[in-house]
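The values are calculated or read from the model by the stated rules, or taken from the named source; none is laboratory data. On a predicted model such as this, the values are computed, not experimentally measured, just so you know. Note: ideal-geometry Cβ built from the backbone for every residue, glycine included; neighbour counts use all protein chains shown. Note: accessible area is taken over every heavy atom of the protein model, side chains too, but ligands, DNA and RNA are not part of it. Shrake-Rupley method; radii C 1.70, N 1.55, O 1.52, S 1.80 Å.
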Amino acid sequence: MANLKESERLDKILANEGFGTRKEVKRIIHSGAVTVNGVSLTQESAHVNVYKDEIIVEGRKLETKRNYYFMMNKAAGYVCSTKSDSHNIVYDLLSEEDHRRFVATGSISMVGRLDADTEGLLILTTDGNLNHRLTSPKYNIPKKYRVTLRDSVDNQGQAEYKEKVAKGIHIAAEGKAGEADCRPAVIEWESSEVCYITVTEGMFHEVKRIFAALGNEVIHLKRVLVNGLTLDPELKAGEYRELTEEELKALDVQSSD
């Protein structure tokens with residue numbers, strides 16, 4: 001159940017579960033189509049324990065969850081923001097039902113951000129604790145990107161790139177972000193112009209600034225991994241789906257708080 005307390009108004013529960021607007025779910029409740037523990041409830045203000053009570057709506061048992069976890073293959077041209085005057089936003093890619101259930105209620109958030117022109121793995125969740133564990137600097141969560149470069153790099157240059165980023169390269173200031181020394185990173189080469197880089201922090205434009213410091217330019221960037229979770233290659237740009245239990249286990253990090 002998305003960001004709900006254990007005891008909530010019946011109309012709020014149904015609205016958050018996608019049965020319609022508050023006005024629409026009130027009609028459902030008043031019709032007698034909702035039973036709680038076998039008893040028909042016709043008052044929308046009735047409070048129900050969403051994790052203990054059996055709720056049946058129009059003959060269908062309501063399966064409640066404490067949190068939801070989604071994998072999205074973010075498309076280029078979308079910004080990781082709740083609103084923008086110049087770009088489409090990531091939440092525009094959600095279905096109408098999920099937008100109503102999660103965005104309208106303010107219960108979902110993005111785990112980190114990707115630039116407007118960056119594609120790839122973006123995690124959306126209602127679980128604030130997991131979001132914290134994946135974005136807190138103390139956990140050193142690995143994030144892997146596929147990078148296409150402007151200039152091709154020969155074998156000697158590839159070795160130099162790998163050595164420099166492995167030591168932690170210094171990057172210049174950009175925008176409001178000051179110059180900084182990056183943590184050690186790992187580069188794996190696919191070709192003379194394409195490589196993968198794994199970083200463990202999330203500084204502004206970090207990957208682009210790393211390759212700028214190496215004298216090159218990133219012309220295409222796609223995130224393919226966060227912690228143990230790999231982007232599903234079957235997801236087309238702009239598509240998303242819920243994580244499986246196995247994927248969630250691979251993504252999560254044990255908290256020591």
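Could you check the spin-label model distance between ALA166 and LYS23? Points 7 Å from the Cα along Cα→Cβ, value in nm.
6.5
With every protein chain left in place and a probe of 1.4 Å, what is the accessible surface of HIS170, to the nearest 10 Å²?
The accessible area of HIS170 comes to roughly 90 Å².
So how much accessible area does THR82 have, in Å² to the nearest 10, using a 1.4 Å probe?
Roll a 1.4 Å probe over it and THR82 shows about 100 Å².
Need one number: nm distance between label points at SER7 and GLU96, each 7 Å from Cα along Cα→Cβ, rounded to one decimal.
3.6
Relative contact order for the chain: what percent, with Cα pairs under 8 Å and sequence separation of 6 or more? Show your work: numbers first, answer last.
Numbers: 465 pairs, mean separation 50.5, N = 257.
RCO, the chain: 20 percent.
Give the accessible area for GLU234 in Å² (nearest 10); use a 1.4 Å probe, count only protein heavy atoms, and leave out ligands, DNA and RNA.
150
Just to verify a number: FRET efficiency for ALA237 and HIS205, C-beta to C-beta distance, R0 = 30 Å, to 0.05? Could you put the intermediate results ahead of the total?
On the way: r = 21 Å, r/R0 = 0.70.
Efficiency for this residue pair is about 0.90.
Report, by chain and number, residues whose modeled amide H sits under 5 Å from the one on TYR68, excluding near sequence neighbours (fewer than 5 apart, same chain).
The list, which skips near neighbours in sequence, is THR126, ASP127.
Full extension from GLU190 to GLU54: what is 0.36 nm times the residue separation minus their Cα-Cα distance, to one decimal in nm?
Result: 43.6 nm gained on full extension.
Using the Cα centre as the reference, give the magnitude of the dipole from point charges on the C-beta atoms of the stretch 24-76 (Lys, Arg: +1; Asp, Glu: -1; all else neutral), rounded to the nearest 20 debye.
Details: 8 positive and 6 negative charges, 50 e Å.
For the stretch 24-76, the charge dipole is close to 240 debye.
Using only alpha carbon positions, build the gyration tensor of the stretch 59-165, then give the equivalent ellipsoid semi-axes as the square roots of 5 times its eigenvalues, largest first, whole angstrom. Present the calculation step by step, with values, prior to reporting the outcome.
Numbers: eigenvalues 235, 66, 29 Å².
Working from the Cα gyration tensor, I get semi-axes of 34, 18, 12 Å.
Taking every pair of alpha-carbon atoms in the chain, give the share separated by more than 21 Å as a whole percent.
On the way: 21311 of 32896 pairs.
Summing the P(r) of the chain above 21 Å gives 65 percent of all pairs.
Let me have the relative contact order for the stretch 25-134, percent, based on Cα pairs under 8 Å that are six or more residues apart. Please list the in-between numbers first.
Values: 144 pairs, mean separation 25.5, N = 110.
Averaging sequence separation for qualifying contacts and normalising by length gives 23 percent for the stretch 25-134.
Could you compute how fast the stretch 133-257 diffuses translationally, taking Rh as the Kirkwood radius over C-alpha pairs and applying Stokes-Einstein at 37 °C with viscosity 0.692 mPa s? Give it in µm² per second.
Stokes-Einstein gives a translational diffusion coefficient of 209 µm²/s.
Want the number for THR105 to ASP151: 0.36 nm per residue separation, take away the alpha-carbon distance, what's left?
Value of the extension gain: 12.0 nm.
Would you please put 88-95, 161-168 in order of how densely packed they are, using the mean number of other Cβ atoms within 10 angstrom per residue and starting with the highest?
Per-residue Cβ counts within 10 Å, averaged per peptide and sorted highest first, yield 88-95, 161-168.
Can you figure out the FRET efficiency of THR230 with ASP85, using R₀ = 51 Å and their beta-carbon distance, to the nearest 0.05? List each step's numbers first, then the result.
Values: r = 34 Å, r/R0 = 0.67.
The computed FRET efficiency comes out at 0.90.
Give the lysines whose C-alpha is closer than 20 Å to that of LYS12, dropping any in the same chain fewer than 8 places away, or say none.
LYS23, LYS26, LYS52, LYS61, LYS65
So for the stretch 155-221, considering every pair of alpha-carbon atoms, how many percent are separated by more than 19 Å? All intermediate terms of the calculation are to be shown ahead of the outcome.
Working: 525 of 2211 pairs.
Across the stretch 155-221, Cα pairs with separations above 19 Å total 24 percent.
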